[in-house]
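In what follows, a single structure is set out as structure tokens and then discussed.
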Amino acid sequence: MGSLDAAFAFGTEGGPAIPAASGVLGYRPLTVWPPLVPGLVTLGVFVRREVLCGVPSAGWGGQVSAVR
């Protein structure tokens, strides 16, 4: 849990703790997991196109040999 989560949970100024905690726990998956999906897709595209530092793509099940 980060500082923003703590501010949400304790920033209710004496309000009930259960709704504050459930709000924080509901907020975290909505802000962390959805951006991960397009990021992984973009990473896969970049690796296949060998955009990332010239790292060769292994393909599905292939092996990448070490550069000497």
Practice task
Would you mind checking the range 19-37 for residues with the amide N under 17 Å from a putative spin-label position 7 Å along Cα→C-beta of residue 51?
Solution key: 36-37
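Note the full-extension length gain between residue 25 and residue 37 as 0.36 nm times their separation in residues minus their Cα-Cα distance, in nm to one decimal.
Working: separation 12, 0.36 × 12 = 4.32 nm, distance 1.97 nm.
The residue 25-residue 37 span can extend by a further 2.4 nm.
Computed from the coordinates by the stated procedures, all read-outs in this text should not be read as laboratory data. In this text, all values refer to a predicted model and were calculated from it rather than measured experimentally. Here Cβ is always computed from backbone atoms with ideal geometry, including for glycine, and neighbour counts include all displayed protein chains.
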